[in-house]
Amino acid sequence: MYSQGLIGANTQAEETQEFLDAFQARIDAEEKIEPNDPMPEAYRRTLVRMISQHAHSEIVGMLPEGNWITRAPSLRRKVALLAKVQDEGGHGLYLYSAAETLGVSREQLTEDLLSGKAKYSSIFNYPTPTWADIGAIGWLVDGAAIMNQVPLCRCSYGPYARAMVRVCKEESFHQRQGYELMKSLTEGTPEQKDLAQDALNRWWWPSIMMFGPSDTDSLHSDQSMAWKIKRFSNDELRQSFIDATVPQAELIGLTLPDPDLKWNPDKNKGKGGYDFGPIDWDEFWRVVKGHGMMNKDRLAARKKAWDDGAWVREAAVAHAKKHANEAAEAA
Ligand code: FAQ
């Protein structure tokens, strides 16, 4: 815990217009906001929500791929997958630490996840029935994560922005290993190519949904962009992801499961971009509200890990207390 209790909104009793204007002026000047700086309570709450949701996503996101570690088809694949899943665990830890700088405890954040109060990304509520799913997750899910997270390296809140630099470097390696895995499958037997196509068919639309609701339905985007927490809207990032990914699919001979996908030279202010078919927002909200295929299993796995780890947390606290007492006696 870095600075729990030091911040609150700020030390002022009231957020006057003068205070809010001065804060916005710092944001507009591209100054980084640091943990002990005065900040509007709504800015702090937005960051706790977003960073904790991101941290939970990284940790829950270890589960679908972790499912395949014991069954990876070669030593090389197993080493890469183990490293990737460990990286996601590390990302979760940096992000919980970044959230803690805003005055919330990791225990509280975890309890909010387990009680259903805090969200995690919709994407991790889909199952991984075949080995090709590991390729699809690396290629598409990490690809989408990079698209969303590179701009977060310029987020106005210093600890989140700095955590994102390393996270993005690692996500980039994850994306490449996933794409390379898919490429290998497409170069294999017809059955292997079918596995790759089937995984793409199942992961494409959920990956597109990861970017969140369309701009017209996004609750937080306008304010988060004004505060320079987000730099691009959900739809802008979604479009960039589609434009980057379509040629990658073509290169390895896979077909995206969208009959409406078509290059439109007039899109993106004349730079061109792909038109795409309608997104099933009912499915998105069903999954976000806890009714996806794997929601119950994912939360049950997190609850079990939290309960099983209780003795470790208790032992760590007892150990820290013992050393604090010894240090106090020696002083
Ligand atoms: N899933 O107003 P907006 C990864 C919620 S990490 C569930 O547009 P905002 C690495 C949203 O919370 C993936 N809920 O919200 C990896 C809000 O509800 P609330 C996670 C979603 O915050 C790879 C409501 O809908 N990445 O993949 C989703 O401005 C492979 C209205 O939405 C991050 O967390 C969703 N997809 O924009 C690990 C990045 N989308 O909170 C393992 C940081 C929206 O009011 C393997 N986060 N909602 O109850 C962000 O960039 C943003 O928070 C967005 C949402 C873009 C996710």
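A few notes on this one:
- When residues of the stretch 43-64 are limited to those that are near the ligand (Cβ under 6 Å from one of its atoms) and touching a helix residue (DSSP H, G or I) at 6+ places or on another chain (Cβ under 6 Å), the one nearest to Asp133 (Cα to Cα): Gly61
- Hits in the stretch 126-139 - residues which are more than 9 Å from the ligand (Cβ to nearest atom) and either touching a residue at least 12 places away in the same chain (Cβ under 8 Å) or touching a strand residue (DSSP E or B) at 6+ places or on another chain (Cβ under 9 Å) (or both): Tyr126, Pro127, Thr128, Thr130, Trp131, Ala132, Asp133, Ile134, Gly135, Ala136, Trp139
- None of Ser214, Ser224 is touching a residue at least 60 places away in the same chain (Cβ under 8 Å), within 21 Å of the chain's Cα centre (by Cα) and assigned to a helix (DSSP H, G or I) except Ser224.
- The stretch 47-154 holds no helices (runs of 4 or more DSSP H) entirely within its bounds that carry 3 or more residues that are hydrophobic (A, V, I, L, M, F, W, C), open to solvent by less than 20 Å² (accessible area, probe 1.4 Å) and under 22 Å from Ser240 (Cβ atoms).
- For the stretch 227-249, a tally of residues being hydrophobic (A, V, I, L, M, F, W, C) and more than 12 Å from the ligand (Cβ to nearest atom) returns 4.
- Reported count of residues in the stretch 165-217, each being in contact with a helix residue (DSSP H, G or I) (Cβ under 6 Å, 6 or more places away or on another chain), open to solvent by 30 Å² or more (accessible area, probe 1.4 Å) and aromatic (Phe, Trp, Tyr), is 1.
The values are calculated or read from the model by the stated rules, or taken from the named source; none is laboratory data. Not measured: the values here are computed from a predicted model. Positions of Cβ are backbone-derived with ideal geometry, glycine not excepted, and every protein chain shown enters the neighbour counts. Ligands, DNA and RNA are stripped out before the accessible areas are found, and what is left, the full protein with its side chains, is counted by its heavy atoms. Shrake-Rupley method; radii C 1.70, N 1.55, O 1.52, S 1.80 Å.
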